[in-house]
Structures are given as structure tokens and as C-alpha cells.
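Report on one structure; see the data block that follows.
The values are calculated or read from the model by the stated rules, or taken from the named source; none is laboratory data. Since the structure is predicted, the reported quantities are computational estimates derived from the model, not experimental observations. With ideal geometry, Cβ positions are generated from the backbone for all residues, glycine too; neighbour counts draw on all protein chains shown.
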Amino acid sequence: MNAEPRVSVIIPAYQEGEAIIRVLDRLFEAVTISCEVLVVVDFPDDPTVAFVDKHTETEPRLQALVSTYGRGPANAIRFGFDHAHAPVAVVTMADGCDDPRQIDDLTRLVERGVVVAAASRYMPGGQQVGGPLLKGSLSRVAGQSLRLLARVGTRDATNSFKAYATDFVRRVGIDSRHGFEIGIELTVKAKRVGLPVAEIPTIWLDRQAGMSHFKMAQWVPHYLRWYRLAYGPRLSEEHLRHRLQANEGAL
């Protein structure tokens, strides 16, 4: 890559195999600004890697990374952030549920000054098509209550499809180690330190092939941790870090 990209697109992947190619093709067709795309897997023999490596022969913006931070999507996303070169990073899923045409707009929102730009299913113009009813209902209730009561700046704090100011993420850090709760974690951290969050509508489509890797019963308690943290007065970034460190043993 000759020039620094404007956005690093981070895609955590787990045994997607050949299905990843359709997602990547749509992404490269949709994104018009300079980018790098980092597909992050948990282990080198994940079948996704071979297809990504083959695709890099004709797509120099693409790279497969093997996380050394431990298994699971949270660790893959953390690894992706630590290897991102752009000032903006977008997290999107490997299952094709997100609309890649919005990566440009999310990136530009961060370039204009917000630290988190959310693709929202629950604002006017947004929609969720398919997916488990209970998961969708809990997500909607959490998102709407966080916006109305905690003023986090988005109706869809739990959605993983977001853009972030990379330097903000590196300053506040990522504490999640389990599922996809990084979306709510970083939104809540931005709110508690008084930095701006914005949203645009998105249409989310449930995956058409393969199986979802979302483990609701296992991961909901970790979402609740960040939901509770959203409520409270503004903190400095240093005080936020100290509070999280003090609570780590109890969590």
C-alpha cells in the first residue's frame, strides 16, 4: 500500500471459509475512500485464511491476520485495532449482515470530529430484517433506554457496526474479552468522558448462509456490565481507567 489509508476495516472471522469472498467483494465495490481491510481469525488453520490470502493476489488492500490475543471476537477486534494504520477504524461483521456502502459515511463522521459513529437499526430509516426475536428485542430496549436515559448519542449502542477514532480507542483501551460487546463498551466510554457520538440509519439483514456465532446466554452479562457503566457523571479518561481497574476483580 503506497499511501496511508483513511479507514481500517476490521472484520473478525471464524470459520467463514469461501463465504468471506462474497462479503469482501461487496465491501471493495462499496467503499470509495482509501482503505485497508483486516480479516482477523483466531488460529492459522481457520479455513477463512486460505481464501483471504488467495484474494490478496488481486486486492492489495486486503490482509489476513491471526490474533495472538486469545480466541473470540473481542480479542480478534482488539488485535485488529492494534494493527490498524488509519486514523479511523470501522468494525464490521464477516457474515454480510452489515451494509458496506455506509463505511464511507461512517468514516466521514469520525473525520468531522465524533469519536464513535454508529450504524443504527433503531433510528428512523433503519431496520432489522430477520434474526432471533429475543436477541433483537433486548438489543432494541437496551439501545433506546441508553439513548433516552443515559444520553449516549445513539439508539443502537449494541450494534457492532461502528466507526471509531483510532486514537480514542487506543487512549481508553478495550477491556472486553468475550463477545461482541466492544460496540457498547466504546460507546459508553465515549459518553462517560464527554466525547461526541453520532449515528446514521442502517438496514441489517440476518445472514443468509452458515450459522451465527453469537452466544447470547454467555455474553449478555458482559453487555450488562457496560450498560450499567453508562449511567453516571462525566469522568476524565484517567479516572475512567482507574474505575475500571478497581472494578476488574469484582467483574
**Prompt:** Of all residues in region 1-52 being buried (at least 22 other Cβ atoms within 10 Å of the Cβ) and in contact with a Cys (Cβ under 8 Å, 6 or more places away or on another chain), which is nearest to residue 179 (Cα to Cα)?
**Reply:** 9
**Request:** Check whether at least one residue in region 116-130 is in contact (Cβ under 8 Å) with a residue 12 or more places away in the chain, over 30 Å from residue 246 (Cα atoms) and of a type in the set (Ser, Thr, Tyr), and report yes or no.
**Result:** yes
**Prompt:** Going through region 58-81 one residue at a time, which ones are surrounded by fewer than 19 Cβ atoms within 10 Å (Cβ to Cβ) and touching a residue at least 40 places away in the same chain (Cβ under 8 Å)?
**Reply:** 60, 61, 70
**Request:** Answer yes or no as to whether residue 143 is buried (at least 16 other Cβ atoms within 10 Å of the Cβ) and farther than 30 Å from residue 83 by Cα.
**Result:** no
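Every residue, every condition in (1) touching a residue at least 40 places away in the same chain (Cβ under 8 Å); (2) part of a strand (DSSP E or B), yes or no:
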{"residue": "9", "(1), (2)": "yes, yes"}
{"residue": "16", "(1), (2)": "yes, no"}
{"residue": "20", "(1), (2)": "yes, no"}
{"residue": "28", "(1), (2)": "no, no"}
{"residue": "38", "(1), (2)": "yes, yes"}
**Asked** If residue 86 passes every condition in (1) modelled with pLDDT of 95 or more; (2) surrounded by fewer than 23 Cβ atoms within 10 Å (Cβ to Cβ); (3) of a type in the set (Gly, Ala, Ser); (4) farther than 29 Å from residue 193 by Cβ but one, which one does it miss?
**Response** (4)
**Item:** Odd one out for residue 144, checked against (1) within 14 Å of the chain's Cα centre (by Cα); (2) part of a helix (DSSP H, G or I)
**Value:** (1)
